[in-house]
Amino acid sequence: MVTSPHPRPAKRAGRLFAAFLAGAGLWWSGASTLQAREVTDILGRHVQVPDHPQRIVLGEGRLIYALEPLEGEGLFKRVVGWQGEFRSSDAQNYNALKAIHPEAERVAVIGRNSADTISPEKILQLRPDVAIFSTTGHGPGQSGPVTQRLAEAHIPVVFVDFRADPVKNTVPSMLVLGQTLDRQREAKAYADFYQDRLSAVRKAVAEDKHPAPRVFIDMLGGQRPNCCHTAGNGNMGAFIEVAGGDNLAAKLLPGFMGEVTPEWLMAAQPDALILDGTRPGGSTGPGVQMGAMVSAEQARASMERLLESADLTPLKAAHDGHTWGVWHAFYDNPFNILAIEAMATWFHPSTTASIHPEADLRTIQARFHGLPGPGTYWAGPVSLPAKQGAQP
């Protein structure tokens, strides 16, 4: 039998189609050959994901925090792409992470600081087995073009939530990630730790029969053009409520974040004021210095400078030692239990002697590989000098 030196048309067409798929980033990195499992994500979507996926894309860079308890020392072994907002908005924590995991620099950046900068084609070129997105935030949304494009390419997308309703959704989101990444045991370990500490906070807060303090949180004060960005029903507002505070903005804002006017804040006169930020230590710009490689002294000094602003100086809480600070990145982070614990000790000091956020930070660092290195993640109280009189 004589064989032709030229490929048959059918074979040639098949090869051309395969080349097209590969060039378009649709050749699914072997994931389709792996046994699939069904995961129900935080939105209630039933998603078929490959067993033990090897190539992961993060819709937001900060989702790497949620992978720390799951992946440990191999944190970046499976991450092939992420959004670039983590590097720009939380530079000191990115640098602290990079010092331990230099391979972070080699992870492909799929976009900058918003969903409209993310390139679905770039994601497809990375041949991911699964993409992990947040329900809200800087990354792609459920009905956005990026998610739709990945669905067309048969790349599974799993949604989690550490931002909109974090007190409710942190534990189930970690369990979803554990199922997705075949890290069920590690996810359960962190979920059990989180739930134990949250239950302890609730118990301690319930023992205090005094009225809940009226609280306002100024988010990224000094880093935004105007006062006052804050949390309403959800996000850090949920931290305030579960820690036994009365979040004043929740009565005004229908969503989990929004803006209030300085005039409203002055009239409200909160009992307790919380400032948050992510400025690096020693920064010359306005805003709260908080996070990795920030000393307690730097954090407190930056908070005191922020209190000198015209919008905050009239508040009684700025003068009577009822102003505290937290790391802004807790607002979208599974380690938010530390912010909740710190707030509980501020709002209810008489019943929270058993709550030790400092010890739990050390546990998160040693056992769950989170927030590595020195840093300051909450601070206070601080107040203005007596010569700067408060609003009567």
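Only the coordinates and a few stated rules stand behind these numbers; no lab work does. Computed from a prediction, not measured in an experiment: that's the story for all the values here. A quick note on method: Cβ atoms are made from the backbone with ideal geometry, for glycine too, and the neighbour counts reach across all protein chains shown.
Given springs between every Cα pair under 10 Å in a Gaussian network model of the chain, which of Ile100, Ile64, Ile123 has the largest fluctuation?
For the chain, modelled as a Gaussian network with Cα springs under 10 Å, the answer is Ile100.
Compare the Cα positions of Thr284, Leu306, Leu43 along the charge dipole of the chain (+1 at Cβ of Lys, Arg; -1 at Cβ of Asp, Glu; about the Cα centre) and return the one farthest towards the positive end.
Leu43
Using 1/(1 + (r/R0)^6) with R0 = 25 angstrom and r between the beta carbons of Ala99 and Thr284, what's the FRET efficiency to the nearest 0.05?
Once the sixth-power term is evaluated, E becomes 0.60.
Suppose the chain between Asp116 and Arg45 were pulled fully straight at 0.36 nm per residue; how much longer would it get relative to their current alpha carbon spacing?
Working it through step by step, the gained length comes to 23.2 nm.
In degrees between 0 and 90, to the nearest 10, how far off the longest principal axis of the chain does helix 166-180 point, with axes built from Cα atoms?
So the helix axis and the longest Cα principal axis differ by about 20 degrees.
Enter the angle in degrees (range 0 to 90, nearest 10) between the Cα long axis of helix 337-347 and the first principal axis of the Cα atoms of the chain, meaning the one along which they spread out most.
10
Using alpha-carbon positions, what is the distance between the centroids of segment 183-224 and segment 137-174, in Å?
With segment 183-224 and segment 137-174 each reduced to a Cα centre, they are spaced 23 Å.
Shape verdict for segment 151-263, please, from the Cα gyration tensor: rounded (a/c under 1.5), prolate (a/b greater than b/c) or oblate.
Oblate shape, in that a/c is at least 1.5 and b/c is the bigger or equal ratio.
Can you tell me the 0 to 90 degree angle between the C-alpha axis of helix 91-100 and the longest principal axis of the chain, rounded to 10?
Taking Cα atoms only, the helix is inclined about 60 degrees.
To the nearest 20 debye, what is the magnitude of the charge dipole of the chain about its Cα centre, counting +1 on the Cβ of each Lys and Arg and -1 on the Cβ of each Asp and Glu?
Rounded to the nearest 20 debye, it is 1400 debye.
Can you sort Arg106, Arg78 by how many other beta carbons sit within 10 Å, fewest first?
Fewest-to-most ranking of Arg106, Arg78: Arg106, Arg78.
Here are some values of Cα extents along the principal axes in Å: [x] 68, 55, 46; [y] 102, 39, 39; [z] 74, 54, 40. Which one was computed from this structure?
Of the labelled values, this structure produces [y].
Only counting other Cβ atoms within 10 Å, I'd like Asp129, Asp271, Asp218 sorted with the fewest neighbours first.
Asp271, Asp129, Asp218
A 32 angstrom limit on the alpha carbon distance is what I want to check against. Which of Lys98/Lys188; Lys168/Lys209; Lys209/Lys251; Lys77/Lys168; Lys251/Lys316; Lys188/Lys316 exceed it?
Lys188/Lys316
Once the dipole of the chain is set up with Lys and Arg at +1 and Asp and Glu at -1 on Cβ about the Cα centre, which of Gly244, Ala329, Leu124 lies farthest towards its positive end?
Final value for the positive-end residue is Leu124.
From the C-alpha gyration tensor of segment 36-182, pull out the three semi-axes of the equivalent ellipsoid (sqrt of 5λ each), sorted largest to smallest, in whole Å.
That gives 20, 17, 16 Å for the three semi-axes.
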